[in-house]
Amino acid sequence: MKNLGAVLKELRKSKKMTQKELAEGVCAQSMLSAIENDVYIPNANLLINLANKLGVDLNEISLATNYDISSDTDFNEKVDQLCNAHQYRQMLDFLSGDKVTNNLKTSHQLQAYYYYLGVAQLQTNKLDSAIQSLRLSLTEVNHLHLDTLSRLAYLAIGYIYSLQNKKTAAVDNIDLAFRNWNEFSYDENQNIIYYMASLIYFKLNDYQDSTAYLVDGIGFIAKHDSHYMLANCYFLMARLAQEAHQDDERLEANRRKDLFSELYNEQIFQDF
């Protein structure tokens, strides 16, 4: 939770909201200020209320860097704009145009096209079509040495299966997404991978595995000095605590852990 205040502050500013505007109807402005300055850790319910006020949707994710579909810059910018604004119905209509596939020249462009098409279909509740498109995005990839986009496609398929309560199929796709995970060159879109695995288990009501992937994901993001996806991770952690009805107990345990960690670093323990 050490970066939570900074993440909330950054997210609030990105929404062009003042502290007063965000706090209104949720908590005192002084409390929000304390949260943003890491003086106070909010409980799960408060964190979720702040997320709702900020318009954070756990099921909608914007890529840190979008993938090019076409050699046409205007086309790619249009997809970026629609995807980042979560305008999925418009994106689906745009990608479904008659002449779009005629401009796809490389296997990478084809992969990116079917990935975005699958995401648009998923977000407009066309789940069977989404699975078909996402599978098409994986047709020509090297399955032993997956790139980030391929891993995201597997996780999107797994997410759809979790919505359909098909646990075995969902978990199988998580395993495929993490295949040879140590063989990669880092990019920020990989921050999504742990989050998506956690979200899949959350949808399957498996809160223990969901928490495990989320904790690993926060560690992965911190290891690479990134803040991308941290807000989503913290808000999903709050939802997990809420579902487990352990928000107060868990926060108290963390406070005690931090207290004893501080004491442990004091010389008195070594003397003792």
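Just so it is clear, none of the values below were taken in a lab; they were calculated from the coordinates. Just so you know, these numbers come straight off a predicted model, no measurement behind them. Cβ: placed from backbone, ideal geometry, glycine included. Neighbour counts: every protein chain shown.
With a Förster radius of 25 Å applied to the beta-carbon distance between ALA85 and GLU21, the computed FRET efficiency rounds to 0.75.
One quarter of the convex hull surface built on the alpha carbon atoms of segment 63-113 amounts to 3.3 nm², the projected area averaged over directions. Cβ-Cβ distance of ASP216 and ASP74, R₀ of 45 Å, FRET efficiency by 1/(1 + (r/R0)^6): the value works out to about 0.70. Taking only the Cα atoms of segment 141-187, the radius of gyration and Dmax are 11.0, 33 Å.
Here segment 73-250 is treated with +1 on each Lys and Arg Cβ and -1 on each Asp and Glu Cβ, and its dipole about the Cα centre works out to around 480 debye.
Taking the charge dipole of segment 73-250 about its Cα centre, with +1 at Lys and Arg Cβ atoms and -1 at Asp and Glu Cβ atoms, the residue from LEU230, TYR88, LEU146 reaching farthest to the positive side is TYR88. Alpha-carbon geometry of segment 73-250: the Rg and the Dmax are 16.7, 57 Å, given in that order.
The alpha carbon gyration tensor of segment 131-225 gives principal lengths a ≥ b ≥ c with a/c of 1.5 or higher and a/b no greater than b/c, which makes the shape oblate.
In terms of distances greater than 25 angstrom between alpha carbons, the cross-link table entries LYS78/LYS99; LYS16/LYS126; LYS78/LYS105; LYS78/LYS126; LYS105/LYS223 yield LYS16/LYS126; LYS105/LYS223.
With the convex hull drawn around the C-alpha atoms of segment 118-174, the volume per residue stands at 67 Å³. Ignoring lysines fewer than eight residues from LYS20 along the same chain, the ones with Cα atoms less than 29 angstrom from its Cα are LYS2, LYS9, LYS53.
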